[in-house]
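What follows is a single structure, written as structure tokens, with notes after it.
The values are calculated or read from the model by the stated rules, or taken from the named source; none is laboratory data. Quick caveat: nothing in here was measured; it's all calculated off a predicted structure. Don't worry about glycine lacking a Cβ; one is built from the backbone with ideal geometry, like all the others, and counts go over all protein chains shown.
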Amino acid sequence: MGMTLAHKLIESHLVEGRMVPGEEIGLRIDQTLTQDATGTMVYLAFEALGIPRVRTELSVSYIDHNILQTDYKNADDHRFLHSAAAKYGVLLSPPGNGISHHIHRERFGIPGKTLLGADSHTTTGGCLAMLAVGAGGLDVALAMAGRPFYLPMPRIWGIHCTGSLPPWVSGKDVILELLRRHGVKGAMGKIVEFFGPGVANLDMSARATIANMGVDMGATAVVFPSDGVTRDFLRLQGREGQWTEMAADSDAAYDEISELDLSTLEPLVACPHSPDNVRPAASLSHVEVSQVIVGSSTNGSYRDIMMTALILKGKRVHPGLSLHVNPGSRQVIENAALMGGFLDLIHAGARVHQPGCLGCIGMGQVPASGTNSLRTMPRNYRGRSGLKDDRVYLCSPEVAAASALAGRITDPRTLGDCPQVPFPKVFRFNDEWFVAPAHALDSVELVRGPNIQPFPRFSDLEEELEGEVILKVGDHITTDHILPGGNRVLPLRSNIPAISEFTFEILDKTFPQRARKAAGGFIVGGENYGQGSSREHAALAPRYLGIRAKIAKSFARIHKANLINYGIVPLEFVHAEDYQYVQQGDRVLLPGIREALLAGRREIKARVGQKEISLRLELSPREREILVAGGALNWARKE
């Protein structure tokens, strides 16, 4: 049998392990990216490793999340990131350049390369036939130091595409349809690979949107072939020489295959409060909206901004509705402006913002209380917008623009003929938007403001763990639930003592106080615990507060890796009914946990009150060593 494209990408970068689903593999990483919400901790960790410069082909530090300067904290972090990039041989993309995922595919993505990013939506790079994976910051720091990136070998899920998208239907509708069918857990432990004749009918904007939100189905990565669409995109970027044709073999053996006829799709909307709560736009015409946002990491491309502008051309947004446009990059602004798109947006009444994540993570653009917000962003978890009781809907640029005109969710097919987006022969671009590292790296000093605190040091794992269940939560708890975003919390990413005070704020504001009083303990969760953002602070803050183990029905991949990296033991219920038995406030004893890890045991017994329950340890030998050492930094220093 032939090989899938995902298998080819993995095989060409495999340095440890076998390509057997579930077994741990180690991959050579060609490129890395960081962003400012996670980047400060990455470079503090890299500094702690004591390595003078990065050992990747390319590492880029993007400043795209915390770009609103409400006080000194974000600005201080940006100065630190500037100095760290200069010192360690990293290319810097300053604030205002745009979002990492847009810029990286515009300027740096190369078919056949591996990309590891300290952002869950790094999967966007798969639109260029890259193996692009999101990870916690500590994993990225280790990759920058030249170490392999480890993960369980994924299963390869092939999506066989036929047909073409109808007018008014775009890439956002493709990924929303897949989320509708398969849910936020549907791709856990899998790489999603698109193939078949219909793939050629998906433009690069569609591919980037699908790859971006693949992680919101739980995917490790999303892979598209490198074909004529890829070559045309790189030609527009002035990088056609970096194009290589790459595809699965005609007789490739996928672990599973699903069929997707693009011609059957319609405009869709994800309703509150999950990306898989999907309904047809036509069925939601009764939903009034007071805010519409176009842009962010999913739909801020040139094509998306121009489509919005063309729909609004010569019209005005609905009175009382606030329309925001967040371009993906400076390059998008320049080229859309040259083609007249921004003039149409301004005259229609749109508020045009600097390129950045902004409202996607609650950094500004918070909706009014008691109203509905319609956004082209990738996530709509409760409270993520910065308003605890928000009601956020997700959609395509076509649905967003049509709804901005009507003041309610609108099926864009009611507008008549769909506009055709014009493209320049070559995109305009300025290389001076980036800051190269210093020539003499040793001469650079790291600039630390008062908000940047030293990286916490943690002790080795004890012989046994005993404590109270500090908190019990349900299924699909996201990293936003564990540690929220927004302009109150995000500026504290470099200050673990301060940010830990917000741990579980959305669910239980008393958690930090109770954890300190109990001198640590346990957290119990349901299915898919830790889904969503790659934010390692959702592991680091609980660890700082003394949490040493989490027990859940199942864990999201990135969060489980982050727990291990910070010395929190991830345990899974062997018997699902035991989840109901364990209650908040119970005393739990894990006797001999250190010895069990060292001995490679797959199952251990825990004492909960008067009952003994079985817990599963699904860990590789390397992960067991890290946990015993008290975390990945301790382990790396010993190695």
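The strands (runs of 3 or more DSSP E) falling completely within the stretch 581-639 that include 2 or more residues that are without any contact (Cβ under 8 Å) to a residue 60 or more places away in the chain, over 19 Å from residue 562 (Cα atoms) and in the same structural domain as residue 550 (by TED's automatic domain parsing) map to 603-608, 611-616.
Residues are listed down the side, and each one gets a yes or a no for (1) outside the structural domain of residue 202 (by TED's automatic domain parsing); (2) crowded, with 24+ Cβ neighbours inside 10 Å; (3) within 24 Å of residue 397 (Cβ to Cβ):
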site: 139; (1), (2), (3): no, yes, no
site: 155; (1), (2), (3): no, no, no
site: 164; (1), (2), (3): no, no, yes
site: 174; (1), (2), (3): no, yes, yes
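This table checks each residue for (1) modelled with pLDDT of 95 or more; (2) closer than 24 Å to residue 417 by Cα; (3) outside the structural domain of residue 406 (by TED's automatic domain parsing).
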site: 302; (1), (2), (3): yes, yes, no
site: 323; (1), (2), (3): yes, yes, no
site: 327; (1), (2), (3): yes, no, no
site: 356; (1), (2), (3): no, no, no
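Residues considered: 84, 48. Of these, the only one that is in the same structural domain as residue 224 (by TED's automatic domain parsing) and surrounded by fewer than 18 Cβ atoms within 10 Å (Cβ to Cβ) is 48. Of all residues assigned to the stretch 491-510, at least one qualifies as being at pLDDT below 90, over 28 Å from residue 183 (Cα atoms), crowded, with 20+ Cβ neighbours inside 10 Å and hydroxyl-bearing (Ser, Thr, Tyr). Scanning the stretch 468-502 for residues that are under 11 Å from residue 538 (Cβ atoms) and among the basic types (Lys, Arg) yields a total of 0.
Checking the conditions here, which among 370, 386 is under 23 Å from residue 532 (Cβ atoms) and either at pLDDT 95 or above or part of a loop (DSSP other than H, G, I, E, B) (or both)? The conditions single out 386. Examine the stretch 97-111 for a residue that is at pLDDT below 95 and under 22 Å from residue 491 (Cα atoms), and state whether such a residue exists. Scanning the stretch 97-111 turns up no residue that is at pLDDT below 95 and under 22 Å from residue 491 (Cα atoms).
Counting the residues of the stretch 174-229 that are among the acidic types (Asp, Glu) and not in a helix (DSSP H, G or I) gives 3. Quick check, is residue 250 among the hydroxyl-bearing types (Ser, Thr, Tyr), exposed (fewer than 15 other Cβ atoms within 10 Å of the Cβ) and touching a residue at least 12 places away in the same chain (Cβ under 8 Å)? Against the criterion (among the hydroxyl-bearing types (Ser, Thr, Tyr), exposed (fewer than 15 other Cβ atoms within 10 Å of the Cβ) and touching a residue at least 12 places away in the same chain (Cβ under 8 Å)), residue 250 qualifies.
Can you tell me which residues in the stretch 614-627 are buried (at least 20 other Cβ atoms within 10 Å of the Cβ) and not charged (D, E, K, R)? Selection gives 615, 619, 626, 627.
Entry remark, the stretch 529-580: residues being without any contact (Cβ under 8 Å) to a residue 24 or more places away in the chain and under 27 Å from residue 66 (Cβ atoms) number 0 in total. The number of residues in the stretch 325-351 being outside any helix (DSSP H, G or I) and surrounded by fewer than 17 Cβ atoms within 10 Å (Cβ to Cβ) comes to 3.
Of the residues making up the stretch 230-245, those that are within 16 Å of residue 208 (Cβ to Cβ) and assigned to a helix (DSSP H, G or I) are 230, 231, 232, 233, 234, 236.
Listed here are the residues, each with its yes/no results for (1) among the β-branched types (Val, Ile, Thr); (2) free of Cβ contacts under 8 Å to residues at least 60 places away in the same chain; (3) not assigned by TED's automatic domain parsing to the domain that holds residue 400.
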position: 287; (1), (2), (3): yes, no, no
position: 294; (1), (2), (3): yes, no, no
position: 308; (1), (2), (3): yes, no, no
position: 320; (1), (2), (3): no, no, no
position: 338; (1), (2), (3): no, no, no
position: 349; (1), (2), (3): no, yes, no
